[in-house]
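Here is the structure we will look at, set down as structure tokens.
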Amino acid sequence: MTDVANFGDFQRVGQKGFEAAVDAYGKFNRAFQALATRTTENAKKAFEDTTRTFEQLLGAKSIEQVIEIQSQYAKRAYDNFVAEASKLGEWYVGLVQDASKPVEQPIKKKIA
């Protein structure tokens, strides 16, 4: 009878682990969809900024003006990259923490 009871416990733990894995997968999937949306939006903004800069360069009247336009563009591009890299780093940390919670709980309960 002990083996049957242990098997039932094993099945319950397995089911909870499976449910936790499915929950974690769903969280990862939603997060990666959000990342794809964000990446697309950022690419669109960068393209629009590049297009505006190119139009400004075409209208420049002097070399000094060209250098100023290019310098401003480079600064904007760098600032946007640094800000986005920081946000993505924070996002990835949060994603891993959130998605691992459903899996950690059954493991912690089993260990305790």
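The values are calculated or read from the model by the stated rules, or taken from the named source; none is laboratory data. Everything numeric in this text was worked out from a predicted model, so none of it was measured. Methodologically, a virtual Cβ is constructed for each residue, glycine included, from the backbone with ideal geometry; neighbour enumeration extends over all protein chains shown.
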| field | Subset of the range 33-45 (residues that are within 17 Å of Gly94 (Cβ to Cβ), surrounded by 12 or more Cβ atoms within 10 Å (Cβ to Cβ) and either modelled with pLDDT of 90 or more or not aliphatic (A, V, I, L, M) (or both)) | value | Arg38, Thr39
| said: Please go through (1) farther than 28 Å from Ala21 by Cα; (2) modelled with pLDDT under 95; (3) surrounded by 14 or more Cβ atoms within 10 Å (Cβ to Cβ) for Leu95 and return the number of the only condition it doesn't satisfy. | reply: (1)
| query | Is it true that some residue in the range 48-69 is small (Gly, Ala, Ser), exposed (fewer than 11 other Cβ atoms within 10 Å of the Cβ) and part of a helix (DSSP H, G or I)? | reply | no
| said: With the requirement that a residue be among the small types (Gly, Ala, Ser) and in contact (Cβ under 8 Å) with a residue 24 or more places away in the chain, what does the range 27-69 give you? | reply: Ala31, Ala46
